[in-house]
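*Asks:* The structure follows.
The values are calculated or read from the model by the stated rules, or taken from the named source; none is laboratory data. Quick caveat, the model's predicted, so the values are computed rather than measured. Note that each Cβ is placed from the backbone with ideal geometry, even for glycine, and that neighbours are counted across all protein chains shown.
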Amino acid sequence: MPRQTPKSLKDNNKTSLKRSFSALIFIPRFFKEIWRTNKKKFLLSAFCRLIGAVLPVVILWVGKIIIDEIILQSKAETADLTNLWTYVGVEFALIILSDLISRAIALTDSLLGDAYSISSSVSIIKKTNQINISLLEDSEFYDKLERARTQTTGRVGLMSNALGEVQSLISIATLVAGLIYFEPYLIILLILSIIPSFINEIWFSQKQYSLARGWTAERRELDYLRFIGANNQTAKEIKLFGLTDFVVGRFKNLSNEYYELNKKLAIKRSALGFLFNVLGTLSYYGAYVFIIYRVISGVITLGELTFLSGAFNRLTRNLQDFFSKFTRITESALYLKDYFEFLDISIAPTHIEDQVLPETISMGFEFKNVHFSYPDADVEILKGVSFKINAGEKMAFVGQNGAGKTTLTKLLLRFYEPTSGEILLDGININRFNKAAYQEFFGVIFQDFFKYEFTVKENIAIGNIDELDNQEKIETAAALSLADEVVSELKLGYDQQLGKRFYKGQELSGGQWQKVALARAYMKDAKVMILDEPTSALDAKAESEVFERFIGLTKDKTSIIISHRFSTVRQADRILVLKDGKVLELGTHQQLMDKQSLYAQLFALQAEGYQ
């Protein structure tokens, strides 16, 4: 069954020429960003382009003078070539200067483009960090992020094209002035040769943008298929399950569909472009015949013929280049619109953050009738959850998969907002605190922690990156998490590159990665510690030792532990048992065992497995 045309593609096919031109309003803001990136290089580029813009007409004018001087001296009885060689020398110097200016423009554009590419990428990274997790997990929003992120190269090209347009305008103005001075009628032929091509390019650039925008999600899928089809992380399963043909087939079907759409557009664009180019060529030769006729008629000199034919030829190419760049600018401006719309996403607090965080937690946290469902989901994950975590208490969350354990921590960390109900810290709604400062309260290791392919030292320091150069603290954190045992087996110790992505990198086992990730938690002297399945890849002995240390080191600190292993859970002060998004039980290990409910049943089942 053929894939249906994405709705986004249908919608964006409605993109009009008006929309293409309206996107140009972002160009001034774009240049403000470039100006802030490097003022000196921007001014140098502008100065070089100003010189480069007037050089063509000056060179043509000197060429005209040389031809007229040659004819004049050929008719004289005694030739005086002093002026002629002077003019030749001037033309030579101008051509050398023109080449120098062109290279200076290319160099400054390259350096300025690289600097702006870095600056814009940094802006996107910083903006992404400010955005709520809930937005980042929304597919439509992620498409917008993807368009903003992947157009860095296009924005650098836009900068060169936009600066080049200013240069072309000045050059065109000087050449047009020369044509008007000698033969103003040539302007009509010039317009006939350029305008149709310009309209054609504008139309198809808008169509190209519509296609690319409409296929954002599909192109992300193609990138994903490329990734899983050719990388060390998925290679074992791809080989074991014989998935190569499946991945290749899916990739080929989707990419071929995009290829066919793109091919149709490219063929139409090329065919019409050829027809309009023929019209332009006819106009050029019409002008050339007209100029020759004027020379034969004695209206203009041979030198003026040289100037006019050169000016018309150069002007035609300049205008074609100008309109070609203009169409690329309007197309790039549409992507620029995506970039600035992403940067302009409102991140204003949804709540009044007017409370000062307490120096120390005196009462603890309280969930009051908290309900939660993920955006655009019909099923509630949490259904009226109410409980307290006392200050300095170590509480464990227990429940089967999907019961809502990790969701509770995400709400506590303010990654998401409750659908209804509230969460309090020392009796104050946590939404009343500054979000960034509030999140600094926590030291967290998630079940799905990220394996940063940095050095061991950097991986551990991520828990408190300001302490990256504090080797003593890093080694202490490694010892507490047993990561020092991992380091002792590595050739370069704490300077060992991890992962296979980079040169001389070394891959770790799941348990080794987990010990390194746990060390991050000890790097941060957080008031609240959250460990979400932190030891799932460790053996029983290592897990027991890790938690004995954790319990000792977090004395008087509020802590939350999520684990499926009851040998770990039983060490908590109290245990919260969740079932179907509701609190089923809450108490100490012994209290829950005495109740003979779900916790006791699960504990007994796991205990049987160790017998």
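*Asks:* Please state which one of 332, 346, 362 is assigned to a helix (DSSP H, G or I), among the small types (Gly, Ala, Ser) and over 24 Å from residue 589 (Cα atoms).
*Replies:* Details: 346 fails: assigned to a helix (DSSP H, G or I); 362 fails: assigned to a helix (DSSP H, G or I).
Result of the check over 332, 346, 362: 332.
*Asks:* Kindly establish whether residue 341 is charged (D, E, K, R), loosely packed, with under 15 Cβ neighbours inside 10 Å and touching a residue at least 40 places away in the same chain (Cβ under 8 Å). Can you show your working first?
*Replies:* Details: charged (D, E, K, R): yes; loosely packed, with under 15 Cβ neighbours inside 10 Å: yes; touching a residue at least 40 places away in the same chain (Cβ under 8 Å): yes.
Here the answer is yes, as residue 341 does meet what is asked.
*Asks:* So which of 455, 407 is surrounded by 21 or more Cβ atoms within 10 Å (Cβ to Cβ), touching a residue at least 24 places away in the same chain (Cβ under 8 Å) and of a type in the set (Ser, Thr, Tyr)? Reasoning before the result, please.
*Replies:* Details: 455 fails: surrounded by 21 or more Cβ atoms within 10 Å (Cβ to Cβ).
Just one listed residue meets the conditions, 407.
*Asks:* Just checking, how many residues over the range 414-448 are modelled with pLDDT of 85 or more, more than 18 Å from residue 371 (Cα to Cα) and touching a helix residue (DSSP H, G or I) at 6+ places or on another chain (Cβ under 7 Å)?
*Replies:* Qualifying residue count for the region: 1.
*Asks:* If residue 508 passes every condition in (1) crowded, with 17+ Cβ neighbours inside 10 Å; (2) outside any loop (DSSP other than H, G, I, E, B); (3) of a type in the set (A, V, I, L, M) but one, which one does it miss?
*Replies:* Failed condition: (2).
*Asks:* Sticking with this one: Select from the range 25-61 the residues that are among the polar types (S, T, N, Q) and in a helix (DSSP H, G or I) and write down the one among them that is farthest from the chain's Cα centre (by Cα).
*Replies:* Step one: list which residues in the range 25-61 are among the polar types (S, T, N, Q), which gives 37-38, 45.
Among the residues that remain, those that are also in a helix (DSSP H, G or I) are: 37, 45.
Numbers: 37: 18, 45: 27 Å.
Selected residue: 45.
*Asks:* A follow-up question, please. When the range 170-182 is examined, which residues are found to be hydrophobic (A, V, I, L, M, F, W, C) and modelled with pLDDT under 80?
*Replies:* In the first step, residues of the range 170-182 are kept if they are hydrophobic (A, V, I, L, M, F, W, C); the result is 170, 172-173, 175-177, 179-180, 182.
Across the range 170-182, the qualifying residues are 172, 173, 175, 176, 177, 179, 180, 182.
*Asks:* For the range 410-425: of the residues being more than 14 Å from residue 582 (Cα to Cα) and without any contact (Cβ under 8 Å) to a residue 60 or more places away in the chain, which is surrounded by the most Cβ atoms within 10 Å (Cβ to Cβ)? Walk me through it before giving the result.
*Replies:* Here is the first cut: in the range 410-425, the residues more than 14 Å from residue 582 (Cα to Cα) are 410-420, 422-425.
Now narrow it down to the ones that are without any contact (Cβ under 8 Å) to a residue 60 or more places away in the chain: 411, 414, 418-420, 422-424.
Values: 411: 23, 414: 19, 418: 18, 419: 15, 420: 13, 422: 15, 423: 19, 424: 17.
Among those residues, the one meeting the criterion is 411.
*Asks:* When you scan the range 263-276, how many residues do you find that are in contact (Cβ under 8 Å) with a residue 24 or more places away in the chain and within 32 Å of the chain's Cα centre (by Cα)? So that I can check it myself, show each step before the final result.
*Replies:* The first filter runs over the range 263-276 and keeps only residues in contact (Cβ under 8 Å) with a residue 24 or more places away in the chain, leaving 265, 268-269, 272-273, 276.
Still in the running and within 32 Å of the chain's Cα centre (by Cα): 265, 268-269.
Adding up the residues that qualify gives 3.
*Asks:* Which residue, of 403, 436, 396, 391, is out of contact with any strand residue (DSSP E or B) (no Cβ under 8 Å at 6 or more places or on another chain) and among the aliphatic types (A, V, I, L, M)? Reasoning before the result, please.
*Replies:* Working: 403 fails: out of contact with any strand residue (DSSP E or B) (no Cβ under 8 Å at 6 or more places or on another chain); 396 fails: out of contact with any strand residue (DSSP E or B) (no Cβ under 8 Å at 6 or more places or on another chain); 391 fails: out of contact with any strand residue (DSSP E or B) (no Cβ under 8 Å at 6 or more places or on another chain).
On inspection, the qualifying residue turns out to be 436.
*Asks:* Could I ask something else about it? Among 399, 364, which is the only one that is farther than 30 Å from residue 512 by Cα, in contact (Cβ under 8 Å) with a residue 60 or more places away in the chain and over 32 Å from the mean Cα position of the chain (by Cα)? Steps first, please.
*Replies:* Details: 399 fails: farther than 30 Å from residue 512 by Cα.
The match here is 364.
*Asks:* Evaluate the following for residue 283: is it under 28 Å from residue 58 (Cα atoms), of a type in the set (Gly, Ala, Ser) and loosely packed, with under 15 Cβ neighbours inside 10 Å?
*Replies:* Values: under 28 Å from residue 58 (Cα atoms): yes; of a type in the set (Gly, Ala, Ser): yes; loosely packed, with under 15 Cβ neighbours inside 10 Å: no.
Here the answer is no, as residue 283 does not meet what is asked.
*Asks:* Here's something else I'd like to know. Can you find, within the range 518-541, the residue that is modelled with the lowest pLDDT among those that are within 23 Å of residue 411 (Cα to Cα) and either of a type in the set (D, E, K, R) or surrounded by fewer than 19 Cβ atoms within 10 Å (Cβ to Cβ) (or both)? Walk me through how you get there before you give the answer.
*Replies:* Within the range 518-541, the subset within 23 Å of residue 411 (Cα to Cα) is 518, 520-522, 524-536.
Those still in the list that are either of a type in the set (D, E, K, R) or surrounded by fewer than 19 Cβ atoms within 10 Å (Cβ to Cβ) (or both) too: 520, 524-525, 527, 532-533, 536.
Numbers: 520: 84, 524: 77, 525: 73, 527: 85, 532: 81, 533: 75, 536: 59.
Looking at residues that are within 23 Å of residue 411 (Cα to Cα) and either of a type in the set (D, E, K, R) or surrounded by fewer than 19 Cβ atoms within 10 Å (Cβ to Cβ) (or both), I get 536.
*Asks:* Checking residue 610 against (1) surrounded by 14 or more Cβ atoms within 10 Å (Cβ to Cβ); (2) modelled with pLDDT under 80, which single condition isn't satisfied?
*Replies:* Single failed check for residue 610: (1).
*Asks:* Sort out which residues of the range 426-441 are surrounded by fewer than 14 Cβ atoms within 10 Å (Cβ to Cβ) and either β-branched (Val, Ile, Thr) or at positive phi (or both), and write them in order of number.
*Replies:* 427
*Asks:* For the range 542-569, which residues satisfy the criterion of being at pLDDT below 80, part of a loop (DSSP other than H, G, I, E, B) and over 22 Å from residue 601 (Cα atoms)?
*Replies:* 554, 555, 556, listed by residue number.
*Asks:* Residues in the range 375-391 that are at pLDDT below 90 and of a type outside the set (A, V, I, L, M): how many? Reasoning before the result, please.
*Replies:* Step one: of the range 375-391, the residues at pLDDT below 90 are 375-381.
Then drop every residue that is not of a type outside the set (A, V, I, L, M), which leaves 375-376, 378, 380.
Residues flagged as at pLDDT below 90 and of a type outside the set (A, V, I, L, M) within the range 375-391 amount to 4.
*Asks:* Quick one: is residue 198 buried (at least 16 other Cβ atoms within 10 Å of the Cβ) and at pLDDT below 70? Steps first, answer last, please.
*Replies:* On the way: buried (at least 16 other Cβ atoms within 10 Å of the Cβ): yes; at pLDDT below 70: yes.
Yes: the conditions hold for residue 198.
*Asks:* I've got another one for you. Please verify whether residue 279 is touching a residue at least 40 places away in the same chain (Cβ under 8 Å) and either touching a Leu at 6+ places or on another chain (Cβ under 7 Å) or not in a loop (DSSP other than H, G, I, E, B) (or both), treating the condition exactly as stated.
*Replies:* Details: touching a residue at least 40 places away in the same chain (Cβ under 8 Å): yes; either touching a Leu at 6+ places or on another chain (Cβ under 7 Å) or not in a loop (DSSP other than H, G, I, E, B) (or both): yes.
Against the criterion (touching a residue at least 40 places away in the same chain (Cβ under 8 Å) and either touching a Leu at 6+ places or on another chain (Cβ under 7 Å) or not in a loop (DSSP other than H, G, I, E, B) (or both)), residue 279 qualifies.
*Asks:* Now for a different question. How many of the residues in the range 62-85 are part of a helix (DSSP H, G or I) and surrounded by 11 or more Cβ atoms within 10 Å (Cβ to Cβ)? Walk me through how you get there before you give the answer.
*Replies:* Looking only at the range 62-85, we keep the residues that are part of a helix (DSSP H, G or I), and these are 62-75, 82-85.
Keeping just the survivors that are surrounded by 11 or more Cβ atoms within 10 Å (Cβ to Cβ) gives 62-73, 83-85.
Count: 15.
Rundown of residues vs (1) hydroxyl-bearing (Ser, Thr, Tyr); (2) touching a Cys at 6+ places or on another chain (Cβ under 9 Å); (3) surrounded by fewer than 17 Cβ atoms within 10 Å (Cβ to Cβ); (4) modelled with pLDDT of 75 or more, yes/no style:
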| position | (1), (2), (3), (4) |
| --- | --- |
| 234 | yes, no, yes, no |
| 251 | no, no, no, yes |
| 264 | no, no, yes, yes |
| 270 | yes, no, yes, yes |
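*Asks:* In the set 295, 289, which member is over 26 Å from residue 169 (Cβ atoms), assigned by TED's automatic domain parsing to the domain that holds residue 55, in a helix (DSSP H, G or I) and out of contact with any helix residue (DSSP H, G or I) (no Cβ under 9 Å at 6 or more places or on another chain)? Steps first, answer last, please.
*Replies:* Details: 295 fails: out of contact with any helix residue (DSSP H, G or I) (no Cβ under 9 Å at 6 or more places or on another chain).
Residue meeting the stated conditions: 289.
Every residue, every condition in (1) of a type in the set (A, V, I, L, M, F, W, C); (2) out of contact with any Lys or Arg (no Cβ under 9 Å at 6 or more places or on another chain), yes or no:
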residue: 332; (1), (2): no, no
residue: 340; (1), (2): yes, no
residue: 345; (1), (2): yes, no
residue: 354; (1), (2): no, no
residue: 362; (1), (2): no, yes
